[in-house]
1. Among the residues of the stretch 135-152, what is the count of those that are out of contact with any strand residue (DSSP E or B) (no Cβ under 8 Å at 6 or more places or on another chain) and either outside any loop (DSSP other than H, G, I, E, B) or crowded, with 17+ Cβ neighbours inside 10 Å (or both)?
2. For the stretch 194-253, what are the residues that are aromatic (Phe, Trp, Tyr) and farther than 19 Å from residue 348 by Cβ?
3. Does residue 179 satisfy being open to solvent by 30 Å² or more (accessible area, probe 1.4 Å), within 30 Å of residue 235 (Cβ to Cβ), more than 18 Å from the chain's Cα centre (by Cα) and not β-branched (Val, Ile, Thr)?
4. Could you tell me which residue of the stretch 121-131 is nearest to the ligand (Cβ to nearest atom), considering only residues that are in a helix (DSSP H, G or I) and open to solvent by 10 Å² or more (accessible area, probe 1.4 Å)?
5. Which ones in the stretch 206-246 are over 16 Å from residue 429 (Cα atoms), within 12 Å of the ligand (Cβ to nearest atom) and either out of contact with any Gly (no Cβ under 9 Å at 6 or more places or on another chain) or not in a helix (DSSP H, G or I) (or both)?
6. Against the definition (buried (at least 20 other Cβ atoms within 10 Å of the Cβ) and within 25 Å of residue 19 (Cα to Cα)), how does residue 201 come out, yes or no?
7. Being open to solvent by 10 Å² or more (accessible area, probe 1.4 Å) and either without any contact (Cβ under 8 Å) to a residue 12 or more places away in the chain or closer than 24 Å to residue 14 by Cα (or both) is the filter; apply it to the stretch 164-176 and report the residue that is nearest to the ligand (Cβ to nearest atom).
8. Counting only residues that are within 15 Å of residue 129 (Cα to Cα) and open to solvent by less than 60 Å² (accessible area, probe 1.4 Å), give me the helices (runs of 4 or more DSSP H) lying completely in the stretch 24-109 with at least 1 of them.
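The values are calculated or read from the model by the stated rules, or taken from the named source; none is laboratory data. All values reported here derive from a predicted model rather than from experimental measurement. Neighbour counts run over all protein chains shown; Cβ positions are idealised from the backbone, glycine included. Accessible surface is based on the protein model in full, side chains and every heavy atom, while ligands, DNA and RNA are left aside. Shrake-Rupley method; radii C 1.70, N 1.55, O 1.52, S 1.80 Å.
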Amino acid sequence: MKIKKINLGLLGFGTIGSGVLKVLQKKSALLENKLGVKIKLKRVCEINPTLVKKLKSIKVDVCKNADKILEDPDIDIVIELIGGIHPAKEYILKALRNKKHVVTANKALLAENGEEIFKTAKENGVDVYFEASVGGGIPIIRSLREGLIANNIESIYGIINGTSNYILSAMSEGGVEFKAALKDAQVRGYAEKNPHFDISGIDCAHKIAILARICFNQKVKFTDIHIEGINDIELSDLNYAQDLGFCVKLLAIAKKAQDSLDIRVHPCLVPKGHLLANVSGVYNAVFIKADLIGRALLQGEGAGALPTASAVVGDIISIAQKIPQDSQMDLLNVKAVNMSKKIISVDELFTRYYFRFTALDKPEVLSKISSVLGKFKISIYSVIQKGRQRSQAVPIVMMTHEAREKDIRKALSQINKLPFIKKKTVAIRVERI
Ligand code: HSE
């Protein structure tokens, strides 16, 4: 078998970058024997001095100037693991214009600037692979694009932020509040020092924008996605949900609607018996509903050096096998670039809701709340009030029947202004999965 030689240039040597190097070192013989491809990491660009020091012991060519990779004619594939929009975007565009294939884990960049990146790749006859951008080690992108290609995907529901899932699991299993669970996640290295993107739902939204585009062959305007995080969830909500037969999960949802797409990220009540309810800790999972396969769940580690490196190396191999043939595959289906369905406003959502009111414990409170709900045609399914504290605020938990979100918002805005309501009402949607 003739061995093909492929040279790589790596931009960024953080957790994933070091994982990629480890995997390449450990698996090079296996890849060579199995696939007939010899992969060499020619150069690494890194500016952090501590990480550069680490690299010196590995004896790989290190540079601080990305052009040494982007302009090197010997480098076939550029691996971008810097993250964020700038300078990653400029580096990727330059690599593509210099006819280099790109492998990236950069979900923010693809979700927000995907059109420009894919257009540039197409114009230059090269590919961008991005399996590591969603779900770490779970081969979700490859599954949607290849294994499930004959399916009409109806909807996907993802637990695709390990940090949030860890926090929610730690709260419900350890009986701790959000702040303590977040601290625990940071101590264990699951949450970043600045966990804003993870807990606010933005990281999930980046990932669902990428998945939705593949599933539905549509452009997805990131700014139209409704995003809520887990910041307002309290331990008591998880306990009440448990009593009601649910658990709370931060879900990234993408569904095909008639002439539009329904894409949103927010906490949801998920019935305890559902497969997604049992995905806990830092695990990620994507639940898919499609015409041929019915229902399927892909689950695995959504972050970490080796699971993510597994996705990156898988992409490198996929590209390496195609070089030098001119077999560029339109990875995100180029036809999709011209198609654009509107993302429906969350106001149009029609679902059941969980409310936790914080109200003074006195007569007529419930009747006044129900009267506002009645005015907006919101029907109550059940109410729980535990404990009694004269002239103090107590939680009142209510489940509704299905109602329109815009009516829910109007009703809650009026209810929150009632004099006996002492805190903003918590509302969590119940998703029928
Ligand atoms: N920060 C992400 C998470 C992992 O917590 O799931 C990388 O996408």
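1. Selection size over the stretch 135-152: 5.
2. Once the filter is applied, which keeps residues that are aromatic (Phe, Trp, Tyr) and farther than 19 Å from residue 348 by Cβ, the stretch 194-253 yields 197, 222, 240, 246.
3. Yes; evaluated as a whole, the condition is true for this residue.
4. The extreme case among them is 122.
5. 206
6. In short, no.
7. Among those residues, the one meeting the criterion is 166.
8. Answer list for the stretch 24-109: 88-97.
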